[in-house]
Amino acid sequence: MALALADEIAANAPLAVQGMKRILQLLEGTHERGLSEREREEIAGLRRRAFESADMREARQARAERRPPRFRGE
């Protein structure tokens, strides 16, 4: 099960995976104190970078063409 999950994560766009890892790091321990403005801004920047990336465009194109995406980490 763990290897299947690792394979599924590895198949995603590298920028998205890196961004999610960073977001999870930022969220750790915030249940009690909440997110700071700096943390909110960093998360927004990570999301913006992923959504504006070449990999996001590739994902959309691949889905439209019904083929697996070829991510480059850009």
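Just so it is clear, none of the values below were taken in a lab; they were calculated from the coordinates. The structure presented is a predicted model; accordingly, all values stated were derived computationally and were not measured. Note that we place each Cβ from the backbone using ideal geometry, even for glycine, and neighbour counts take in every protein chain shown.
Identify the residue in segment 1-10 that is aliphatic (A, V, I, L, M) and assigned to a helix (DSSP H, G or I) and, among all such residues, is farthest from Arg72 (Cα to Cα).
By that ranking, first place goes to Ala2.
Does Ile9 count as among the β-branched types (Val, Ile, Thr), loosely packed, with under 14 Cβ neighbours inside 10 Å and free of Cβ contacts under 8 Å to residues at least 24 places away in the same chain?
yes
Just one of (1) surrounded by 12 or more Cβ atoms within 10 Å (Cβ to Cβ); (2) in contact (Cβ under 8 Å) with a residue 12 or more places away in the chain; (3) more than 12 Å from the chain's Cα centre (by Cα) trips up Ser53, so point out which.
Status for Ser53: all satisfied but (3).
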